[in-house]
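**Q** Sharing a structure below in structure tokens format, with a few things to ask.
The values are calculated or read from the model by the stated rules, or taken from the named source; none is laboratory data. Values in this document were obtained by computation on a predicted structure and should not be read as measured data. All Cβ positions, even for glycine, are placed from backbone atoms using ideal geometry, and neighbour counts span all protein chains on display. We work out accessible area using only protein heavy atoms, side chains counted, and drop any ligands, DNA or RNA first. Shrake-Rupley method; radii C 1.70, N 1.55, O 1.52, S 1.80 Å.
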Amino acid sequence: MEKENGIKQENGTSPKAWTTAALMSLATGIIEQDNNGDQGVEEKPTSWPYMTFGSLSKSLLFKLATVGVIWGMGYLQLNFAWLIPPIAYAVLKGERKKDGDLKRMTAQATALCKDRIIIENRIDDLPTWVYFPDYDRAEWLNGILYKAWPSINHFGRDLCKTIIQDAIAERLLDYQKKIPGLGKDFRFDRIVLGRIPPKINGVKVYDKHTSRNEIVLDMDVMYAGDCDITFTMGTFKAGIKDFQLRGMLRVTLKPLIPIMPIVGGVQAFFLNVPVVDFNLVGVADVLDLPGLSDILRKIITEQVAAIAVLPNKIIVPLTDEIPAEMIKCPDPEGVLRIHVVQAKHLMKKDIGMLGKGKSDPYAVITVGAQEFRTKTIDNTVDPKWDYWCESVISSAIAQQLTVHLWDFDDTKKNENLGSVCRQEVELSIWDWDPNVPGVQGDDFLGRATIEVSRVKKKGMIDTWISLELAKHGMVHLRLTWLQLTTNPADLAAALKETQELRVTSMSTALLILYVDSAKNLPCLKGSKQPDSYLEASVGGKAERTGTLLRSSNPVWEQGFTLLVGNPETATLHVKVSDEKSAQVIGSMTYNLSALLAMDGMELKMQPFDLQMSGVDSKVLLTMKLRILKYEQPEVTSDDEDIDDIQSLNKKIERQESSISSNVPDSPLKRQQSKDSIQSSISSAVAETDLGVDDPMLRESAESVSAMPRQSSVRSQASSSVFKRNPSITSYAGESRLGRVQLTLKYSLARQKLFVVVHKVANLPLPSHDPSNIPDPYVKLYLLPDKHKETKRKTAVMKDNCSPTFDEQFEYIVSQGDINTRTLELSVCTQKGWLSTGSNCMGQVLIKLSELDFTQANTAWYDLQPESKD
């Protein structure tokens with residue numbers, strides 16, 4: 001004890017304080033060792049000799065500190081739990097860093113390698129042309145990019161410092177109060193895009209469903225560069241390395257002209273928001289500030305969307321022969337009206353006193369860069385939103401709608417409940433957490449997606465869609481495609497339709513506004529020219545041009561689209577302002593009703609006088625008014641789609657009625673032999689070309705032919721069951737456990753497997769308790785991955801031996817993997833079953849390699865006893 005007390009006397013520090021300091025030192029040492037080399041300084045290659053006096057001393061001190069901490073904890077009888085938080089933090093951070101580094105290194109290797117090497121080494125991220133036959137290889141284009149990359153590097157540096165830097169600084173204002181020290185200043189200190197250029201994995205040229213005056217190409221673009229970007233953000237100095245981006249880039253060459261250069265201009269844009277990833281280095285990575293990485297990722301994604309995600313485009317005119325407004329402000333294809341009605345059977349994410357409670361769901365709808373959000377419905381898994389919104393569609397080909405569902409939560413991160421999504425409409429459902437802006441803390445409840453081209457083809461879709469990335473849940477959507485017309489007489493019908501909907505936010509017209517330039521703007525404070533920008537608004541919806549520095553005659557050449565509630569009463573408000581002083585240096589108003597009386601409802605390159613401005617101050621505008629009109633499209637035989645369960649059910653009903661029509665009408669007629677019954681049923685199947693395979697027909701024919709002959713009228717009267725097809729109404733399968741009707745289809749374009757669970761028939765009752773009617777539901781796994789990510793589950797049907805589900809599920813499976821997968825389907829009950837108490841009533845294993853996925857496969861499957869493998 002005297003020696004131990006000597007420690008205190010010599011150092012002036014108690015053993016307990018020394019041990020506490022050692023604990024902190026160990027935690028710091030672990031973190032610093034894990035992040036060694038990530039301080040924003042470029043790592044130097046290790047050279048021989050590695051073992052030096054410094055390296056030996058460092059290693060010795062670290063091990064002494066580790067042993068000292070363990071000894072100190074034992075000496076002070078401290079709980080080992082004090083070490084768990086720093087160690088767990090260091091391990092988690094280290095593993096996440098390793099996972100991210102491996103992912104980025106794989107992407108960089110993919111970007112540098114030739115396609116042949118990628119395929120030979122079985123890298124998962126195969127080029128697009130491998131999976132999609134209509135995509136061509138683009139090695140020649142990648143060679144051009146490699147040569148031009150140094151020049152593109154300089155262009156990217158200028159773009160970041162002139163446009164993106166100011167935009168990021170503006171967005172950071174929303175986060176200053178939440179993160180101390182963030183500050184309002186943001187600037188790039190160093191921008192080097194590296195030596196690895198973007199790579200184009202495949203190119204598709206559209207030869208159908210496009211205008212004859214344009215050429216449309218889709219490019220699968222991936223950038224996995226070795227960039228080195230450093231920036232200052234308030235009091236923080238950090239950097240970004242290994243920036244990655246991947247998305248589908250649409251390039252449109254239009255209009256085609258009979259003189260050189262043949263093409264009037266080039267438009268480039270992403271159909272949907274690309275995937276963005278990067279490695280944060282420097283002080284921000286060492287401190288691991290909560291939410292900083294999420295905030296930067298969100299801001300960078302927003303800036304990419306604001307520049308090059310529909311409806312935003314990168315436009316490059318190639319000739320002066322074509323008016324600028326024709327290239328920079330083309331007419332949209334139409335307007336998509338979206339009605340998010342409700343959702344049901346969502347996952348429960350909130351934790352209550354008695355276990356899992358319910359959720360507080362809301363939905364986020366995404367179409368390109370346009371995003372909408374419903375209100376939050378508290379404490380429910382069956383929310384009814386009745387939410388309406390409208391989206392202007394520039395290109396229906398390959399554009400998609402996605403709906404994400406989230407669970408709102410004030411105390412913890414929000415959880416994903418599910419979502420619906422070429423261009424596609426995307427809907428997601430979430431559980432929201434308002435603590436830190438930009439940090440997604442809400443629980444993801446699911447996602448759903450629908451291609452806009454499907455809505456345009458059908459005119460209107462009213463359907464329930466099963467959620468992706470969720471165990472269960474469905475969302476009810478109504479989508480309507482509205483065409484653009486130049487006939488003022490169509491306005492009355494549009495106004496009547498919006499009045500019947502009783503939704504004040506709906507539109508009846510679309511204003512296409514092209515802002516060319518302004519002239520003779522007044523100077524500020526003597527001869528100082530303004531940093532001018534223009535803002536246009538209709539009914540509270542505003543659009544703004546970019547800012548042109550120090551110019552009294554700015555030329556913007558930007559186009560916008562504004563939805564109009566009622567053009568007979570709506571007014572366009574335009575104001576020109578100075579960026580620095582926020583002073584309005586000119587304004588004007590225009591009644592849109594005047595456009596209704598004009599030829600084609602448009603006004604081209606018209607100068608308008610500015611009020612509160614100079615005497616000769618004018619703004620040059622082009623305006624087009626288009627009426628929104630719904631037209632029922634012509635119904636064709638190929639309009640039935642696997643995504644529409646109602647259409648699929650009608651298809652199956654027609655097939656079953658066709659089979660029934662080939663079965664004898666009455667038992668009073670001459671009895672048919674077993675062979676004739678089989679021939680009758682076989683001919684019925686042969687006459688149907690719906691791609692529906694019913695393996696029950698063979699067994700039903702045998703069971704019908706094997707029925708004993710009875711002369712009683714009662715027996716003869718029972719033939720009505722046979723007329724309704726006994727294979728569906730009475731047959732319980734080989735094992736007498738019941739049957740299940742499924743539809744399976746694989747979409748090559750979307751790389752998805754669709755499974756529709758229609759119904760279950762003739763489930764048996766327990767022999768020991770016939771009054772115990774089951775509460776069945778269907779559970780699915782995609783083997784060999786039997787874990788929660790591939791688990792899908794239908795709703796529970798109470799007290800029903802022949803339930804109808806009509807629920808659709810989706811699995812993302814590559815074309816190369818589809819033949820190696822097996823679908824496991826189990827019919828279960830919430831009540832105890834049989835003497836063992838197991839809740840599984842029967843099971844089906846379907847090898848996907850045995851199915852023909854050139855068409856939808858609809859069939860009945862016999863339930864078998866549960867496999868214990």
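**Q** Considering region 362-393 alone, what residues qualify as being in a loop (DSSP other than H, G, I, E, B) and open to solvent by 30 Å² or more (accessible area, probe 1.4 Å)? Before you say what the answer is, go through the steps one by one.
**A** Let us first name the residues in region 362-393 that are in a loop (DSSP other than H, G, I, E, B), namely 368-369, 374-383.
Matches in region 362-393: Ala369, Lys375, Thr376, Ile377, Asp378, Asn379, Asp382.
**Q** For region 256-264, check the following and say yes or no: at least one residue is more than 30 Å from Ala396 (Cβ to Cβ) and not aliphatic (A, V, I, L, M).
**A** Just the residues of region 256-264 that are more than 30 Å from Ala396 (Cβ to Cβ), to begin with: 259-260.
Remaining after also requiring not aliphatic (A, V, I, L, M): none.
Checked region 256-264: no residue is more than 30 Å from Ala396 (Cβ to Cβ) and not aliphatic (A, V, I, L, M).
**Q** Restricting attention to region 479-492, does a residue exist that is open to solvent by 10 Å² or more (accessible area, probe 1.4 Å), out of contact with any strand residue (DSSP E or B) (no Cβ under 9 Å at 6 or more places or on another chain) and β-branched (Val, Ile, Thr)?
**A** no
**Q** Additional query: Looking at region 758-789, which of the residues that are out of contact with any Asp or Glu (no Cβ under 9 Å at 6 or more places or on another chain) and of a type in the set (Ser, Thr, Tyr) is nearest to Glu468 (Cα to Cα)? Full working, then the answer.
**A** Within region 758-789, the subset out of contact with any Asp or Glu (no Cβ under 9 Å at 6 or more places or on another chain) is 760-772, 776-777, 784-785, 787-789.
Next, from what is left, pick out any that are of a type in the set (Ser, Thr, Tyr): 767, 771, 777.
Working: Ser767: 38, Ser771: 37, Tyr777: 18 Å.
Taking the candidates together, the pick is Tyr777.
**Q** Is there a residue being modelled with pLDDT of 90 or more, farther than 22 Å from Leu310 by Cα and assigned to a loop (DSSP other than H, G, I, E, B) anywhere in region 262-283?
**A** Within region 262-283, one or more residues are modelled with pLDDT of 90 or more, farther than 22 Å from Leu310 by Cα and assigned to a loop (DSSP other than H, G, I, E, B).
**Q** Next question, about the same structure. Which residue is farthest from Asp331 (Cα to Cα), if the candidates are limited to region 222-247 and must be of a type in the set (A, V, I, L, M) and open to solvent by 20 Å² or more (accessible area, probe 1.4 Å)?
**A** Start the filter on region 222-247 by keeping residues that are of a type in the set (A, V, I, L, M), which leaves 222, 224, 229, 233, 238, 240, 245.
Applying the additional criterion that residues be open to solvent by 20 Å² or more (accessible area, probe 1.4 Å) yields 229, 245.
Working: Ile229: 38, Leu245: 29 Å.
Out of the qualifying residues, it is Ile229.
**Q** Can you find even one residue in region 187-209 that is closer than 21 Å to Ala308 by Cβ, at pLDDT below 80 and either in contact with a Pro (Cβ under 8 Å, 6 or more places away or on another chain) or not small (Gly, Ala, Ser) (or both)?
**A** Taking region 187-209 first, the residues closer than 21 Å to Ala308 by Cβ are 188, 191, 193-194, 196-206.
Imposing the further condition that a residue be at pLDDT below 80 reduces the set to none.
No, every residue in region 187-209 fails to be closer than 21 Å to Ala308 by Cβ, at pLDDT below 80 and either in contact with a Pro (Cβ under 8 Å, 6 or more places away or on another chain) or not small (Gly, Ala, Ser) (or both).
**Q** Run down Lys759, Lys723, Lys786 and say which single residue is open to solvent by 50 Å² or more (accessible area, probe 1.4 Å), more than 30 Å from Glu451 (Cβ to Cβ) and at pLDDT 50 or above. Steps first, please.
**A** Numbers: Lys759 fails: more than 30 Å from Glu451 (Cβ to Cβ); Lys723 fails: at pLDDT 50 or above.
Checking each option against the conditions leaves just Lys786.
**Q** Sticking with this structure for a sec: Could you please find all residues in region 520-539 being at positive phi and surrounded by fewer than 16 Cβ atoms within 10 Å (Cβ to Cβ)?
**A** Residues satisfying the conditions are Asn520, Lys525, Gly526.
**Q** If the Cβ limit is 7 Å and pairs must be 6+ apart or interchain, which residue in region 153-178 that is open to solvent by less than 90 Å² (accessible area, probe 1.4 Å) pairs with which residue that is in a helix (DSSP H, G or I) and modelled with pLDDT under 75?
**A** The qualifying pairs are Tyr175/Ile295.
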